[in-house]
1. So, of the residues in region 219-230 that are among the hydrophobic types (A, V, I, L, M, F, W, C) and surrounded by 24 or more Cβ atoms within 10 Å (Cβ to Cβ), which turns out to be farthest from residue 185 (Cα to Cα)?
2. Would you point out the residue of region 224-273, among those that are among the polar types (S, T, N, Q) and not in a strand (DSSP E or B), that is farthest from residue 58 (Cα to Cα)?
3. Condition first: surrounded by fewer than 11 Cβ atoms within 10 Å (Cβ to Cβ) and either aliphatic (A, V, I, L, M) or in contact with a strand residue (DSSP E or B) (Cβ under 7 Å, 6 or more places away or on another chain) (or both). Now tell me which residues in region 236-259 satisfy that.
4. Looking only at residues in region 189-217 that are crowded, with 24+ Cβ neighbours inside 10 Å and out of contact with any strand residue (DSSP E or B) (no Cβ under 8 Å at 6 or more places or on another chain), which one is nearest to residue 78 (Cα to Cα)?
5. Looking at region 97-117 only, could you name the residues that are part of a helix (DSSP H, G or I) and touching a helix residue (DSSP H, G or I) at 6+ places or on another chain (Cβ under 6 Å)?
6. Residues to consider are 41, 17; find the one that is of a type in the set (S, T, N, Q) and either surrounded by fewer than 20 Cβ atoms within 10 Å (Cβ to Cβ) or at pLDDT below 95 (or both).
7. Across region 119-159, what is the total count of residues that are of a type in the set (Lys, Arg) and surrounded by fewer than 18 Cβ atoms within 10 Å (Cβ to Cβ)?
8. Select from region 217-266 the residues that are among the polar types (S, T, N, Q) and touching a Lys or Arg at 6+ places or on another chain (Cβ under 9 Å) and list them in ascending order.
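The values are calculated or read from the model by the stated rules, or taken from the named source; none is laboratory data. Because the structure is a prediction, the values reported are computed rather than measured. Note that each Cβ is placed from the backbone with ideal geometry, even for glycine, and that neighbours are counted across all protein chains shown.
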Amino acid sequence: MRMVRLPDGTEVPALGQGTWHIGDGHRPPAEEAAALRLGIQLGMTLIDTAEMYGEGAAEQVVSAAIAGLRDRVFLVSKVYPHNATRRGTPAACERSLRRLGTDHIDLYLLHWRGGAPLAETVEAFERLRAEGKIRHWGVSNFDTDDMEELLGVPGGALCATNQVLYNPEHRGIEFDLLPWCEGHAMPVMAYSPIGQGGRLLRSAALARVAHRHGATTAQIAIAWSLRHPGVISIPKAGSAEHARENAAALGITLSAEDLAAIDAAYAPPRHKLPLAML
């Protein structure tokens, strides 16, 4: 497994597992938990979830998946913006800890910006870190100006990562946000690497590249997101078949011809674009 380094030197897998829409009733929770456990066995030991996902249901599925395996897992969860106050953040964290069945979260993220002052959220994160409830903290859906503002807040420079939407259809971060994060030795976590609802599975351009590699379009989309050394990709895997498919994407190296074909279908940004979010 290729590893990515957080600013403090902690290494995490470049390919993890997302859980958005897990626990929402589309599949039996036991099947979803089994898929996550298989993913752990395949080396995808970073699991990303959030209190928002199924209003805690996804965290409960994750709890079942990591039972007996907690020491092998780098666990990521997120706090709602409306909970991200000085008092609300620790209360939300405690609820997530109970649902996850653990005494600490490895990386706790602000899900997106809301009305709470960044200074309050950072203060709460740092208090949780001092208490051992979380080991790192970061943000999600922050654009470059948000990151600059964050660094101006006391303790803001301790941010470990920024999780954003990134796939061939949404690559605006390449213009300024991705270089900014690289310049600050801060990895980017790419959510929805195969597109919302798997939109990129129907991509003719990715299908042609996949054919050359004897791969699936999903694997090509994941491999594309991983071509940057500072990107952590977190595709969802709700079934054992998808977990195996995602893990196999690590063995794909896209050629210059492949990347040019994807660029022709999904042009790189030539100017600043609004940050895309789901």
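1. Step by step, filter region 219-230, then rank; the result is 220.
2. That would be 255.
3. Residues of region 236-259 that are surrounded by fewer than 11 Cβ atoms within 10 Å (Cβ to Cβ), as a first pass: 251, 253, 256-257.
If the condition is that a residue be surrounded by fewer than 11 Cβ atoms within 10 Å (Cβ to Cβ) and either aliphatic (A, V, I, L, M) or in contact with a strand residue (DSSP E or B) (Cβ under 7 Å, 6 or more places away or on another chain) (or both), then 256 is the only one that fits.
4. 206
5. Correct list: 99, 100.
6. Numbers: 17 fails: either surrounded by fewer than 20 Cβ atoms within 10 Å (Cβ to Cβ) or at pLDDT below 95 (or both).
Result of the check over 41, 17: 41.
7. Filtering region 119-159 down to residues of a type in the set (Lys, Arg) leaves 127, 129, 133, 135.
Checking which are surrounded by fewer than 18 Cβ atoms within 10 Å (Cβ to Cβ) leaves us with 127, 129.
Residues in region 119-159 being of a type in the set (Lys, Arg) and surrounded by fewer than 18 Cβ atoms within 10 Å (Cβ to Cβ): 2 in total.
8. If the condition is that a residue be among the polar types (S, T, N, Q) and touching a Lys or Arg at 6+ places or on another chain (Cβ under 9 Å), then 217, 239, 246, 253, 255 are the ones that fit.
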